[in-house]
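Worksheet: one structure, shown below.
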Amino acid sequence: MTPFHVSDSPPQTILFQEGASETLSAEEHSSVTSSAETKLELPNRLPVLPVRDVVIFNYTILPLFVGRDASVQAVEASLQNNRYLLVLTQKDEHVDKPGTADLHEVGTVVMIMRMLKLPDSRLKLLVQGVSRARALAVMDDKPYLEAEILALPEREEIPQSLELEAMMRAAREQSERILSLRGMTSPDIINVLASIDHPGRLSDLVASNLRLKISEAQSLLECLDPVIRLKLVNEHLAKEAEVASMQAQIQETAREGMDKAQRDYYLREQLKAIKKELGENAVNEDDELGELSDALTKAKLPPDVQKEADKQLKRLTGMHMESSEAGVIRNYLEWLAELPWAKLSRDRLNILKAGEILNKDHYGLEKVKERILEFLSVRKLNPRSQSPILCFVGPPGVGKTSLGRSIARSMGRKFQRMSLGGMRDEAEIRGHRRTYVGALPGRIIQSIKQAGTRNPVIMLDEVDKIGSDFRGDPSSALLEVLDPEQNNSFSDHFLNVSFDLSKVMFICTANHLENIPGPLLDRMELIRIPGYTMQEKLGIARRYLVTRQAKENGLKRNELSLSDDILRAIIHGYTREAGVRGLEREISAICRKLARKKAEGAKGPSVIKQDDLKKLLGVPRFMDEELENTAMPGLAVGLAWTPHGGEVLHVEVSTMQGKGNITLTGQLGDVMKESAQTAISYARSHAKELGIDADFHRKLDLHVHVPAGATPKDGPSAGITIAAALVSALTGRCVSDLLCMTGEATLRGRILPVGGIKEKILAAVARKLPDVLIPKQNIKDLEDIPQDLLKHITVHPVSTLDEVIALAFPDKKRPAKKIGPSPEVEKSKRIGKRAVSARMEAFLP
């Protein structure tokens, strides 16, 4: 049997299927059901007609198309006998030759009312269900299937109850509601429903016209209790009513949208006609498309971009201008037209002039200025050279961001800044695809558009603070942007065409290199900005900060007088930082106080004296602790590096009677704990030379503590400091209270180089510690330190722990092996003692 199609010939008692051409009246339906209700004598054996996608209920009249050979022979056998067939639904409609296991056990006995042979050898039947039946056995000994059946007649005597009456009324009302929602209300259909007073017949009639799945319809057919079957039909009716209601609502919404669009179209056409009659210039669609085409032509698009623009413009021409898709395409074409595909700023190649601008805007930072002037020199000699990818690394407040703006001004280029801090969406870099509502290009392309040129200076601020989540990794998207070999064909998701970024000068800023992925870091040229010295802070305050804050707070420059001593007192007592933001805030606080006095009527210039600082800024936040309690056994002063500058670090070691236990406190990291273990092992192996009891590790408990316990600490540079403090505690001798040190110690007593020498020496100068021990291999780093800071400070390069011990204990109770200073130490001493220029950096975790 070929698949059943209701639409080919609808049943005569259709209730809910749209497009029905006829229905039975109440009288016709009564005659059909009365004929079906007459006492039927069904044979015990009937031909079986398998059907694929339909379940036939009692009293249902519908057409069937028969095409399989076995099914045709079953129909012919039925016509030769009593015109009865057992219709069984297949479990799997894809089986072409169904057997006993492929058919449901319960089906419907139908009577063939009419048969018509079609030209393609198929049969068209009109059948009516007369009774449910169960196939007790299915035989295949004939060319067609035959089954022994057990008729399942409908139970006629149904006890009447309020619940049954309520269910029947609900079935009728739900049916009428569905018909009303689908616009198929007819008095004949309502009369048919009202004329049925048997729950089984009503449920069969309704079920045969519901859009049920085959499994759901088969379960209703197999339900022999009329009341239960009616209850199940009511559940399906409720679901169908909800679907019909939603469908009607959707159709109404769509109809309203179409009506609104047509209304808007007619109103626009009338408005155009009115403007034309009034002589006003009405912008029509052709003019708008013409302007867009002219803008694309003036943009001088590359050939591949021009091809895509022409394609989209052609699509736009064939669309209604008010459609949503037309708006997306028009927005896309406007972006293409507004981007500076061929516009370039002319670089200022006067090297001396560029140097003057850099020196005017920033104090110090000689390495950065030198690198920019080198780039301009190369560009002057080779105009086709690639732009560098610079990365300024340094603590906050040293002027990294403002330096980028100054670089753009010195080169005569446009400047754009992008803050990457907290960015987590890759689309912020590459843009959104145009399929999304409100899609836009990424911030790189937006910055290019805002700059108006193809070669601006774009600063990627806080590149070390980029995040990543389920939306992607922006740092991975930056790999293409910051690669000179790839960014000449950067593809934004919104544009979907290549854009040349090779002329853009990208400048990144970061506080920590550890948070930047390795592949991204490899694409950038690092320029470290370690922070400002005291002399540099004084120069910045005099040249920039005081003048700017006086102006911002309504004061004239001659109304505010801050001497160098006052500025030093502010820097030393109220700010300890690598940059000058805190210094600027303190100067701003002084200006606000003076502005208030001026607003209250005070006149004349204000000369700030030392005694006025406490009234204006309060008690100094930072007190000198340089020489306090340092001359005592078990205490040594070390130097530490932080992202915000250098810091002086005290290491304390205490000994107690015990069994050799070692306690390490102060939130020390793994590397720092290993440095303590190395120092103990060194002391044990050199106990005789150091004058220490060889069995101290069995008799004494050691406690190593680094103050500021709430601050995590780690790194190898405290190795020699821990070793000196340990020897001091074990020998009872005091480390020199004028000495601080940094360096990594090995198990054999060698001193290895460490980083951050400039910041550490600046911290020692700020704490007025005149002697500094550094690893011998770090002598090269002294070139980065201004000469005025090396006055009155002695730097002692050391290569072994023996030299450290010799310099740490200047008294006569030295170890047996006396070690003199190395030639490098003598050379350092010949440098002479140099003037102290106070400098202190904030120590943050």
Charge-dipole axis of the chain as Lys and Arg at +1 and Asp and Glu at -1 on Cβ define it, positive-most pick from LEU292, GLY732, LEU316: GLY732
Please state the shape class of region 663-740: rounded when a/c is under 1.5, otherwise prolate if a/b exceeds b/c and oblate if not, all from the C-alpha gyration tensor. prolate
What is the magnitude of the charge dipole of the chain about its Cα centre, with +1 placed on the Cβ of each Lys and Arg, -1 on the Cβ of each Asp and Glu, and no other charges, expressed in debye to the nearest 20? 6540 debye
Can you give the percent of C-alpha pairs in region 393-493 whose distance is more than 21 Å? 38 percent
Within straight cross-link reach of LYS239, meaning Cα distance under 18 Å, which aspartates and glutamates are found once same-chain residues fewer than 8 apart are removed? GLU18, GLU173, GLU176, ASP204, GLU216
Ratio Rg/Rh, restricted to region 689-820 and using Cα atoms, in which Rh is the Kirkwood radius: 0.97
Beta bridges by DSSP in the chain, antiparallel share as percent, to the nearest 5: 60 percent
Furthest towards positive pole of dipole, LEU64, GLN251, ALA241, structure part the chain, Cβ charges: GLN251
Could you tell me what a quarter of the Cα convex hull surface of region 628-768 works out to, in nm² with one decimal place? 8.0 nm²
Folded to 0 to 90 degrees: helix 226-278 orientation relative to the chain principal axis, Cα: 70 degrees
Check the straight Cα-Cα distances from LYS551 and name the aspartates and glutamates below 16 Å, setting aside those fewer than 8 residues away within the same chain. GLU559, GLU584, GLU586
Taking H as built 1.01 Å from N, whose amide H comes closer than 5 Å to the amide H of VAL798, not counting residues under 5 places away? ILE774, LYS776
Using alpha-carbon coordinates, inclination of helix 69-80 to the longest axis of the chain, degrees: 30 degrees
What is the set of long-range amide H partners of GLY638 at a cut-off below 5 Å, with H atoms built 1.01 Å from backbone N? LEU649, HIS650, VAL651, MET741
Degrees, to the nearest 10: 719-731 long Cα axis against longest axis of the chain: 60 degrees
May I ask for the net charge around THR453, where only other residues with Cβ less than 13 Å from the Cβ of THR453 are counted and Lys, Arg are +1 while Asp, Glu are -1? +4
Non-local amide H neighbours of LEU152 (under 5 Å, H modeled in plane, Pro and chain starts lacking H): which ones? ARG132, ALA133, ARG134
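Step through the table entries LYS369/LYS776; LYS300/LYS503; LYS768/LYS791; LYS609/LYS768; LYS360/LYS609; LYS414/LYS465, compare each Cα-Cα distance with 22 Å, and write down the pairs that go over it. Numbers along the way, then the final one.
Working: LYS369/LYS776 30 Å; LYS300/LYS503 17 Å; LYS768/LYS791 12 Å; LYS609/LYS768 24 Å; LYS360/LYS609 29 Å; LYS414/LYS465 25 Å.
Those over the limit are LYS369/LYS776; LYS609/LYS768; LYS360/LYS609; LYS414/LYS465.
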When the charge dipole of the chain is computed with +1 at the Cβ of Lys and Arg and -1 at the Cβ of Asp and Glu, the Cα pointing farthest to the positive end, of ALA694, GLN73, GLY327, is that of ALA694
Quick one: 3J(HN,Hα) in Hz for region 48-65, Karplus 6.51/-1.76/1.60 with θ = phi - 60°, rounded, Gly and Pro as x. 9, 10, x, 10, 8, 10, 8, 10, 9, 9, 4, 6, 8, 10, 7, x, 10, 10
Residue by residue, what Karplus-based ³J(HN,Hα) values in Hz, rounded to whole numbers, does region 391-402 have, using 6.51, -1.76 and 1.60 with θ = phi - 60° and x for Gly and Pro? 9, 8, 10, x, x, x, x, 8, x, 5, 5, 5
Two-decimal Rg/Rh across the chain, once Rg and the Kirkwood Rh are taken from alpha-carbon atoms: 1.26
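None of the figures in this text is laboratory data; all of them are computed from the coordinates on show. Keep in mind the model is a prediction, meaning the values are calculated, not measured. Methodologically, a virtual Cβ is constructed for each residue, glycine included, from the backbone with ideal geometry; neighbour enumeration extends over all protein chains shown.
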